[in-house]
Amino acid sequence: MAFDETKHDYKVIGTRPVRPDGIDKVTGRALYGADLSAPGMLTAAILRSPHAHAKIVKIDTSKAEAMAGVKAVVTSRDFGLPEDQDLRDTQDNCMARDKVLYDGHAVAAVAAINAQVAKAALKAIEVEYEKLPHVIDVDDAMKGDAPLVLEGRALETVPEGWSQNVTNYCEFGHGDLDDGFARADLIVERSFKTGATHQGYIEPHACLASMGPDGRGELWCCTQGQYMVREVCAGIMEIEASQLKVTPSEIGGGFGGKTTVFIEPVALALSRKAGRPVKLVMTREEVFRASGPTIHSSTDVKIGMTKDGTITAARADLRYSGGCYPNGTCEMGAQAAFAPYDLKAVRTYGWNALTNRPKEISYRAPGAPTAIYAVESVVDEMCQKLGLDPVDVRLKNAADKGTKSSYGVTFEDIGLKATLEAAKAHPHYTAPLGPNQGRGLSCGFWFNFGGNASVTLSVNTDGTVNVTEGNPDIGGSRASISMIAAEELGIGYDRVRTIVADTTSIGHSDTTDGSRVTFTVGLATIKAARDAKTKMCARAAALWGIDPEAVEWVDGAAQPSGPNAGKFPPMSLAEIAAVSFQTGGPIAGHHESNADGAGVSFGVHLCDIEVDPETGASKVVRYTVFQDAGKAIHPDYVEGQLQGGAVQGIGWALNEEYIYGEDGILQNPGFLDYRVPVASDLPPIDTVILEVPNPGHPYGVRGVGETSIVPPLAAIANAMSRGAGVRLTQLPMSPPRVLSALMAKG
Amino acid sequence: MKSIPVSTTVNGDAVDFVCAPGETLLDALRNRLSLTGAKEGCGTGDCGACSVTLNGRLVCSCLVLAAEAEGAEVGTVEGMADHDKLHVLQQSFLDHAALQCGICTPGILVASKALLEENPEPTDEEVRYWLAGNLCRCTGYDKIVRAVQDAAAKMRSA
Ligand code: FES
Ligand code: FES
């Protein structure tokens, strides 16, 4: 049978059923990373550097090893030296080799009969350090005389003349900038700085490892990608991937922060050495000091505009630091900065510099929020100076289908104009403001990714279906995948159960990141369901004694495709499944592929804030998110992504920041001093979902998870500028910073 | 250090355990009684993931010593449903998709139940201030507030 490439009449897609893992999660039964125990299990703890940068002269573990109840101690000496540089960086980040590169860098670990003994043993480990000068700020790190975090790590693309801390450099854009600026009536050039933030998932990293001397192991952990964990850990432990079974626990938030390993190889090494299962759970302080926060950044933006609001030229210089190892987040920032605009002349330049901070790992749309904060702040300032409506100016310059983007690709159907128009038409846009209040808006953008996925869809003899997939469910994806399978097969949602499998149960899937799961796994599920339908049609054809090509699948049943095919009553999925053992055996559909066509996503946020002129404290009083989802499979969870991302962005804008002392030590490694938004800080977060179908997906789905963190930073800065008359070019816009800006304004 | 024997009631069941003098109630619940519904998000009283009730009072179990449970009544998320019948709040959280990852959910449910026992008709602002000690990083709280209010309305009309 053949399939229409696109589908429009939905029965299940777009409804809001209860998620399959829901009851476990409201009753406390769901098992997260730290919730599993094993017979004979030991408890592990990690000793961490008290210095920002130091040479490890000597580590003496003998006293700890001699303590009663201590079963294993490991240091970098217990690990090999992987050839692959990225793997070596990951390993060195899990356990420092010659130098500690940041406050909190692991230097040794202990497994003991209980947590008390493990902690006492850490105190008995003697480490001799030779302190080295450190560098924390990106602009300092790029200077020629900066202390060097690592040497010889610059990529070939980095031009001569920079500090060796500069590891990555990139350039994007097209057109003649000089000509563009010459045609402008107004040119504004501004510089911005943003602090590093943390994903702030409520579940600390946790794992339970069990490994024998034969190189076979099992690992239970909270991760966004069990296959990633397997590949990295097998590489570090020098074992075969097939011998390491990684089972993803339920995951208590990730937002990109659980797309690498921090403790898993350490737990495996301890388990191998002790010959017993080992549980290792980070404390919150360890999460802040030694997991993977975001980049911090320093950005210059220059834009030229004519009096009618046409942007004639745009340039951004983006300097990022992703901590102590090289990373390419600057490329994503440099590509995203001007993505919402259709520009004749645009150029972006991106740098990454090493600093003595923990290694950055993804956080929702990595690189984009700070880049777009800078650009959208300048655009807003220009709208104010020229007396133009901020939505109109964005509509005038908005990227659309056929636009050659600032990073080179030509856009297909995109929803930016639709979100801008929806924002303009929304009552929020024209609602009256109270005293000390201002309204701001910003566009946002994210690329979205496809990638590898494996899906098996088994048709059970009772007419139910199991979908087996390999992507941890962070925010309701099992519900969406079940809905897609039900839709495609023409059966009820409650007839499908989707499970996220361990690494031995199904083939590789890439990590849950890049807003890719509903798109990529959903696509693989559609194709697996179509594979199963083809097989079921063939079974029916065999029973009817007709050509399988003459059978089609309609409303959950096989039926002859026309009067010439023969006259037989339709056979439902349940009927075909019930006789499957007599017609050739069990029925399952499969799909394994590397998907592209993810379809970029745009959003617009509208925000009202109120600034207290006495204290500089700001409060968000109204907030509306407009975003193109392509097609919302389960609207509740799309709304949830929009709301959650918006609130993380609000935190980034107003409160959150890694604060370092002169000594390079992190000053606020806890939720008391690193303050994420709480319920009483916030208004309702209203959402408007636009559906401009992605041509790369049969239902039009686009990823939705990341774009929503991008606009809040500028939306709030713009609201503050319009409400309080101060333009904050440094994040977070904390009360002291706002107050001093207010006082400077007078 | 000598262990301390503790006799207490958890979700209506009499239980005995021994604990170390410095051990938290959260650790005892999770590690000694296998009640892993309460989570440790911070261990310092800042996230509310470990919320339980102690003699009816809402507490962060990471800040309570296990030994303090002697003779007390402890309530955890595992005790909210009546056998196979979910509590109105639990059902409401499912119906409103008020959880994404769900790690904050046990603590928020316990805290919301305590709120509605004290104030069956809270304003949105009262819900938000009551839950200000319970961090949720996924949802932005919007659907949580709606779920609590819907449950409150159902409980009032029940
Ligand atoms: S674990 Fe108790 S408040 Fe966070
Ligand atoms: S649902 Fe993830 S922290 Fe609340």
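The values are calculated or read from the model by the stated rules, or taken from the named source; none is laboratory data. Since this is a predicted model, take the numbers as computed values, not measurements. FYI the Cβ positions are ideal-geometry reconstructions off the backbone, even for glycines, and counts take in every protein chain you see. Surface areas here come from the heavy atoms of the whole protein model, side chains and all, with no ligands, DNA or RNA. Shrake-Rupley method; radii C 1.70, N 1.55, O 1.52, S 1.80 Å.
Projecting the Cα atoms of B:LEU99, B:ASN119, B:LEU109 onto the charge dipole of segment B:88-157, computed from C-beta unit charges around the Cα centre, puts B:LEU99 farthest toward the positive end. Rolling a 1.4 Å probe across the protein heavy atoms gives the protein assembly as shown an accessible surface of 35 Å² per residue. Cross-link partners among lysines for A:LYS11, C-alpha distance below 19 Å, same-chain residues fewer than 8 apart left out? Within reach: A:LYS527, A:LYS533, A:LYS631. Using a cut-off of 21 Å between Cα atoms, the listed pairs A:LYS385/A:LYS745; A:LYS193/B:LYS143; A:LYS359/B:LYS39; A:LYS99/A:LYS258 include A:LYS193/B:LYS143; A:LYS359/B:LYS39; A:LYS99/A:LYS258 as exceeding that distance. Largest to smallest in accessible area, the residues A:GLU83, A:GLU614, A:GLU487 fall in the order A:GLU83, A:GLU614, A:GLU487 (1.4 Å probe, all protein chains included). The H on the amide N of A:LEU47, modeled in the peptide plane, is under 5 Å from the matching H of A:VAL107, A:ALA108, A:ALA109, A:VAL110, each at least 5 residues off or on a different chain.
At a Cα cut-off below 18 Å, give the aspartates and glutamates reachable from A:LYS123, other chains included and same-chain residues fewer than 8 away excluded. Excluding near neighbours in sequence, the set is A:ASP60, A:GLU65, A:ASP103, A:GLU285, A:GLU286. Annotation: cysteines of chain A without a disulfide-compatible partner (Cβ-Cβ under 4.7 angstrom) are A:CYS94, A:CYS170, A:CYS222, A:CYS233, A:CYS324, A:CYS330, A:CYS383, A:CYS443, A:CYS537, A:CYS607. In this view, the solvent-accessible surface of A:HIS508, computed with a 1.4 Å probe and all protein chains in place, comes to about 70 Å². Of the residues A:THR167, A:TYR129, A:SER191, the one whose Cα sits farthest toward the positive end of the charge dipole of segment A:127-198, with +1 on the Cβ of Lys and Arg and -1 on the Cβ of Asp and Glu, is A:TYR129.
Taken over segment B:88-157, the ratio of Cα radius of gyration to 2.2 N^0.38 Å equals 0.96. Tell me the angle of helix B:105-118 to the major Cα principal axis of chain B, expressed in degrees between 0 and 90 and rounded to the nearest ten. Approximately 80 degrees, to the nearest 10.
Expressed to the nearest 5 percent, the antiparallel share of DSSP beta bridges inside the protein assembly as shown is 80 percent. The label-point distance for A:GLN85 and B:ASP124, in a model that sets each label 7 Å from Cα toward Cβ, rounds to 5.2 nm.
Nearest 100 Å² is fine: what is the total accessible surface buried where chains A and B meet, probe 1.4 Å?
On the way: alone 27290 and 8490 Å², together 32080 Å².
In total, this chain pair buries about 3700 Å².
Given a 1.4 Å probe and every protein chain left where it sits, what share in percent of the accessible area of the protein assembly as shown is carbon and sulfur? Could you put the intermediate results ahead of the total?
Details: 16030 of 32080 Å².
The nonpolar share, carbon plus sulfur, comes to 50 percent.
Amide hydrogen proximity for A:GLY470: with H placed 1.01 Å from N in the peptide plane, the residues at 5 or more positions away or on another chain lying under 5 Å are A:SER454, A:ALA501. Taking all protein chains as shown and a probe of 1.4 angstrom, A:TRP652 keeps an accessible surface of around 10 Å². Here the contact order of segment B:88-157, divided by its residue count and restricted to Cα pairs under 8 Å and six or more residues apart, works out to 53 percent. Checking the cross-link filter: which lysines have an alpha carbon closer than 16 Å to that of A:LYS417, excluding same-chain neighbours under 8 positions apart? Within the straight-line limit of under 16 Å, A:LYS417 reaches these lysines: A:LYS396, A:LYS401, A:LYS404. 3J(HN,Hα) couplings calculated from phi for segment B:149-155 with the Karplus curve 6.51 cos²θ - 1.76 cosθ + 1.60 (θ = phi - 60°) are, in sequence order, 5, 5, 5, 4, 4, 5, 5 Hz; Gly and Pro show x. The heavy atoms of A:HIS8 present about 140 square angstrom of accessible area, all protein chains included, probe 1.4 Å.
Full-extension gain between A:ASP462 and A:GLU412, please, as 0.36 nm times their residue separation minus the C-alpha to C-alpha distance. Write out the running numbers ahead of the final one.
On the way: separation 50, 0.36 × 50 = 18.00 nm, distance 4.32 nm.
Gain on stretching A:ASP462 to A:GLU412: 13.7 nm.
How would chain A be classified by its alpha-carbon gyration tensor: rounded, prolate or oblate, with rounded meaning a/c under 1.5 and the a/b versus b/c comparison settling the rest? Numbers along the way, then the final one.
Numbers: a/c = 1.92, a/b = 1.10, b/c = 1.75.
Oblate, because a/c is 1.5 or more while a/b does not exceed b/c.
Helices that extend 30 Å or more along their long axis by alpha-carbon positions and average at least -0.5 on the Kyte-Doolittle scale are, among the DSSP H runs of chain A, A:522-544.
List the residues of segment A:18-64 that lose 20 Å² or more of accessible area once all protein chains are present, compared with their chain alone (1.4 Å probe, heavy atoms only, no ligands or nucleic acids). Buried by the other chains: A:VAL18, A:ARG19, A:ILE23, A:LYS25, A:VAL26, A:THR27, A:GLY28, A:TYR32, A:ASP35.
Across segment B:1-118, the relative contact order, built from alpha-carbon pairs under 8 Å that are at least six residues apart, equals 28 percent.
Rounded to the nearest 20 debye, the dipole size of segment A:625-741 about its Cα centre is 360 debye, using +1 on the Cβ of Lys and Arg and -1 on the Cβ of Asp and Glu. Distance from the alpha carbon centroid of segment A:12-67 to that of segment A:436-453 works out to 31 angstrom. The phi torsions of segment A:73-81, fed into the Karplus equation with coefficients 6.51, -1.76 and 1.60 and a -60° offset, translate into couplings of 10, 10, 9, 4, 4, 8, 10, x, 10 Hz, rounded to whole numbers, with Gly and Pro shown as x.
For segment A:21-34, backbone phi angles converted through the Karplus equation (6.51, -1.76, 1.60; θ = phi - 60°) give residue-by-residue couplings of 9, x, 4, 4, 7, 8, 9, x, 7, 4, 9, 9, x, 8 Hz, Gly and Pro being listed as x. In the protein assembly as shown, taking the dipole from charged Cβ atoms about the Cα centre, the farthest positive-side position among B:HIS83, A:ASN397, A:ASN471 is held by B:HIS83. About its Cα centre, chain A has a charge dipole of approximately 1040 debye under the convention of +1 per Lys or Arg Cβ and -1 per Asp or Glu Cβ, with nothing else charged.
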